[in-house]
Amino acid sequence: MKHFLLLPLLCFLFSLTTNAQEVSVEKSVYGLQTGFWGVWAYNETKLGQKWALRSEIGLFDYFGLAEGLHFEPILTLEPRVYFNLNKRLATGKRIDANSGSFVAFKTSLRPDIFTIPVERYREERNLSVSFVPFIGTRKNIGEKFNYEIGFGLGVEYFSREGYGISLFGAEDDSDPKFSPAFNLHLRIGYKL
């Protein structure tokens, strides 16, 4: 008879410990991603309960829509806030590998150090820095795969011989240029 009373008590204690689980992003997540415009390796490091700092390095088809494939390196730092982790956990959805909806501030540097293919390399120096706030979501597919979608609008600064619409200065090529920056984020990834 004692065993019958002990079993419900253990079940109740187990349910309290699982509900008391702290909802948080993972300490560190590494992965690879690809999309229509490039390939990237990334790391997300926990900054707080719902905050992560994403750093990535990749090859980006920057001007490929007009000229064909033309990959250039890109470095990105991106603080993210995963705002719906509690809701996802409460409805039984996965939050592992930082799966959920987020808002981010993407800061990207495209240093002008090389392009692929090399023979298409132009003489102009095209350093650019972009600042794009955006909203997106990451969902897991199985244990190792995921996808991300999102959209944002910001601004991009181009070096003196760079490309873009001059919004804040003279129209000649010697001036730095600012241009609108769009972030259409469509990627499929593999968690390492």
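The values are calculated or read from the model by the stated rules, or taken from the named source; none is laboratory data. Just so it is clear, the model here is predicted, and its values are computed rather than measured. Glycine also receives a Cβ, built like all others from the backbone with ideal geometry; neighbour counts cover every protein chain displayed.
For segment 70-83, the set of residues classified as at pLDDT 95 or above and part of a loop (DSSP other than H, G, I, E, B) consists of Phe83 only. Among the residues making up segment 111-161, those that are aliphatic (A, V, I, L, M) and either modelled with pLDDT of 90 or more or surrounded by 15 or more Cβ atoms within 10 Å (Cβ to Cβ) (or both) are Leu127, Val129, Val132, Ile135, Ile141, Ile149, Leu153, Val155.
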